[in-house]
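Asks: Below are the structure tokens for one structure; questions will follow.
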Amino acid sequence: MKDRPTLALLKRIVLLLWSAELWLRRALSRGWRRRYWDLLGECRACGCCCVEPSIHADPLTWHLPIVRWLLYRWQCQVNGMELQGQEDRSHDLIFLCTHYDPVSKRCDSYTTRPGMCRDYPRVLLGQPWPELFETCGYRVRARKSERLRAGIEATSLSPEAKAELRRKLRLD
């Protein structure tokens, strides 16, 4: 379902505003928020993140029905998403993207894709323990992990156990 020209224009305007807001938010947070993860790798175009994208709703959006309804309508009408479900515990809304073609593993509206698609998986770096798809070409590594890595190497564990520990703690 390709975007109509007017919808594509609207999405480009919103993208410009979203990009400016994202840049400003990241620039301001660099000074006072610690980052615990580095993002490594590149997209392999596996499509896992495109099949059922989810949006984490902040508490205000989640608990005010009218705000949640507006978010839902925007995703359906403008971004071409269909609501598949919601995770009450994590405040996530799970969608099905109508722009994604599972056969070619391509988005038919890639240039006007929504912000949640553009920012994946970077958006996960603010989480305590980011979970990426197994087939994803990206991976996260703990920042400033040299001392922890050195501590693991100083133990009497077997080389296999050390490697497994480094992998599980995302130090490599």
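The values are calculated or read from the model by the stated rules, or taken from the named source; none is laboratory data. What you see is a predicted model; the values in this text were computed from it and never measured. Don't worry about glycine lacking a Cβ; one is built from the backbone with ideal geometry, like all the others, and counts go over all protein chains shown.
Asks: Exactly one condition in (1) at pLDDT 85 or above; (2) assigned to a helix (DSSP H, G or I) is false for Trp23; which is it?
Replies: In the conditions (1) at pLDDT 85 or above; (2) assigned to a helix (DSSP H, G or I), Trp23 misses (1) alone.
Asks: Next question. What number of residues in region 37-48 are surrounded by 13 or more Cβ atoms within 10 Å (Cβ to Cβ), under 14 Å from the mean Cα position of the chain (by Cα) and within 17 Å of Arg106 (Cβ to Cβ)?
Replies: Qualifying residue count for the region: 2.
Asks: Every residue in region 74-87 that is within 18 Å of Ser109 (Cβ to Cβ) and of a type in the set (D, E, K, R), please. I'd like the intermediate steps shown before the answer.
Replies: Narrowing region 74-87 to residues within 18 Å of Ser109 (Cβ to Cβ): 74-82.
Residue satisfying the conditions is Glu82 alone.
Asks: Quick one: count up the residues across region 52-81 that are part of a helix (DSSP H, G or I) and within 13 Å of the chain's Cα centre (by Cα). Step through it out loud before you land on a result.
Replies: Residues of region 52-81 part of a helix (DSSP H, G or I): 59-63, 65-77.
Subsequent filtering for residues that are within 13 Å of the chain's Cα centre (by Cα) retains none.
Summing the residues that are part of a helix (DSSP H, G or I) and within 13 Å of the chain's Cα centre (by Cα) in region 52-81 gives 0.
Asks: OK, next. Under 9 Å between Cβ atoms, which residue pairs at least 6 apart in sequence (or on different chains) link something in region 147-172 that is touching a residue at least 60 places away in the same chain (Cβ under 8 Å) and in a loop (DSSP other than H, G, I, E, B) with a partner that is of a type in the set (Ser, Thr, Tyr) and surrounded by 10 or more Cβ atoms within 10 Å (Cβ to Cβ)?
Replies: Matching pairs, first to second residue: Arg170/Ser145.
Asks: I'd like the full set of residues that are among the charged types (D, E, K, R), surrounded by fewer than 16 Cβ atoms within 10 Å (Cβ to Cβ) and touching a helix residue (DSSP H, G or I) at 6+ places or on another chain (Cβ under 9 Å), limited to region 49-87. Steps first, answer last, please.
Replies: Here is the first cut: in region 49-87, the residues among the charged types (D, E, K, R) are 52, 58, 68, 73, 82, 87.
Filter once more, so that each one left must be surrounded by fewer than 16 Cβ atoms within 10 Å (Cβ to Cβ): 52, 58, 73, 82, 87.
Within region 49-87, Glu82 is the sole residue that qualifies.
Asks: Continuing with the same structure: Need pairs with beta-carbon distance below 6 Å; first residue more than 14 Å from Leu22 (Cβ to Cβ) and within region 119-138, second of a type outside the set (A, V, I, L, M) and in a helix (DSSP H, G or I); sequence gap 6+ or separate chains.
Replies: Filtered contacts from region 119-138: Phe133/Cys48; Thr135/Cys48.
Asks: Using the structure shown, decide if Arg166 is closer than 25 Å to Pro53 by Cα and at pLDDT below 90.
Replies: Values: closer than 25 Å to Pro53 by Cα: no; at pLDDT below 90: yes.
The answer is no for Arg166.
Asks: Now a separate question. Which one of Arg118, Arg141 is surrounded by 10 or more Cβ atoms within 10 Å (Cβ to Cβ) and either at pLDDT 90 or above or out of contact with any Leu (no Cβ under 6 Å at 6 or more places or on another chain) (or both)? Steps first, answer last, please.
Replies: Numbers: Arg141 fails: either at pLDDT 90 or above or out of contact with any Leu (no Cβ under 6 Å at 6 or more places or on another chain) (or both).
Testing whether each residue is surrounded by 10 or more Cβ atoms within 10 Å (Cβ to Cβ) and either at pLDDT 90 or above or out of contact with any Leu (no Cβ under 6 Å at 6 or more places or on another chain) (or both) leaves just Arg118.
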